[in-house]
Each structure stands twice: as structure tokens, then as C-alpha cells.
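For reference, the structure is listed below as C-alpha cells.
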């Protein structure tokens, strides 16, 4: 039964609702009026595509699953705020949808991710390995991965998600031994 509930939770509309709530949080931190207007325009368009009855049922479900909380304003109105568990779920969505942009022209730099994550964090270590492979990294050794395109922001996000900042390192190099083998792997010229 629990597995069924989890599957239903991941419906695209529910993901959209949670991400829209997160956009509201991001809006509160935005200082630029232009950026606020852009966010508000995109938010208002997206909310229109969600049926009200479905939205209310979903918000109740999010509240019961402790993804959001209700906060009463001074004027008596009630607003939904994202709870810590909801923020973690959003991070998971972003991690699942992550892709690294591959420019048309290679800058002739290699990105290396290497780590030494302790055995007590084995699950996180294995998940990190799988995510790097999923993103297209080449496994050079068990804890050394190579990629030819800019990916520092994505690696920072992944490392924070797996709470492994102090164990994971990132480097950019322009000279690599056996480079021809890796160029062939990534179809680079």
C-alpha cells in the first residue's frame, strides 16, 4: 500500500504544485523587481492549469504528509508554507530531472569528481556513483569520475543533496594521460 501511495505522489501535477509552492518561497528571497515579475507571471499561468478541487485535495494530502504547513496571517487568512520535508522532496525532483548541458564546442578541459566517502555512508556513496553514471560520467576508478563539460553547479547540488561535501572533490584539468581513450568514450574530436 505504501508503494502505491508513493507512486501516486509523483504524478506530474503533484510535482508541479509542490514546485510552484517552492517558487513562492524563492519569490520571497528575490530582490530584483524584474525577477519578481517574471516569477509571478510564470506562477499565475501555471496555477490556471490545475483544477481547484484537485489542488485542495492535493494540499490536504501534502499537509497530512508533512510536506507543507498552514500559517495564519494577522488578517486571519491562511497560507501554505513549505515544510522541511517538502523542501527535501523538491530537491529529489530536481535531482531526478537533472541533466548536464553539453555545448557544441568542447573547451578541451576535463572535469574530475573524486571522493572518499566513509563506509558508514555507503548508501549515499553508491547513490552518488549511480547518479554520476546516469549523468554520463566515465568511471576511471571506483571513486574517480571524468566528464568533458562544465558541471560544477550540478556536482555542488548533488554533493549537498547526499550531504557529502567534505568527502567529494572537483577538479578541472587540461592535460590528461590516455586522453585519446576518453575522447573516444565521449565522442570528442
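No lab work stands behind these numbers, since they all come straight from the coordinates. This structure is a prediction, so every number in the text was calculated from the model and none was measured. Quick reminder, even Gly has a Cβ in these numbers, built from the backbone with ideal geometry, and neighbours come from all protein chains shown.
Average projected area of the Cα convex hull of the range 54-182, in nm²?
Numbers: hull surface 47.5 nm².
Mean orientational projected area (the range 54-182, Cα hull): 11.9 nm².
Given the C-alpha centroids of the range 166-189 and the range 92-133, what is the distance between them in whole angstrom?
With the range 166-189 and the range 92-133 each reduced to a Cα centre, they are spaced 14 Å.
By how many nm would the segment from residue 79 to residue 108 lengthen if fully extended, with 0.36 nm per residue of separation less the alpha-carbon distance? Don't jump to the answer; show the numbers that get you there.
Details: separation 29, 0.36 × 29 = 10.44 nm, distance 5.01 nm.
Extending this stretch completely gives an extra 5.4 nm.
What number do you get for the range 110-185 when its Cα radius of gyration is normalised by 2.2 N^0.38 Å, N = residues? Mind dumping the intermediate values first?
Numbers: Rg = 12.2 Å, N = 76, 2.2 N^0.38 = 11.4 Å.
Cα-based Rg divided by the globular estimate yields 1.07.
Quick one: if you stick a label point 7 Å off each Cα along the C-beta vector at residue 51 and residue 165, how many nm between them?
4.4
Roughly what would the spin-label model give for residue 144 and residue 189, points 7 Å off Cα along C-beta, in nm?
Label-label distance for residue 144 and residue 189, simple model: 3.0 nm.
Calculate, for residue 97 and residue 70, the FRET efficiency according to 1/(1 + (r/R0)^6) with r their C-beta to C-beta distance and R0 41 Å; round to the nearest 0.05.
Working: r = 28 Å, r/R0 = 0.69.
E(calc), rounded to 0.05, equals 0.90.
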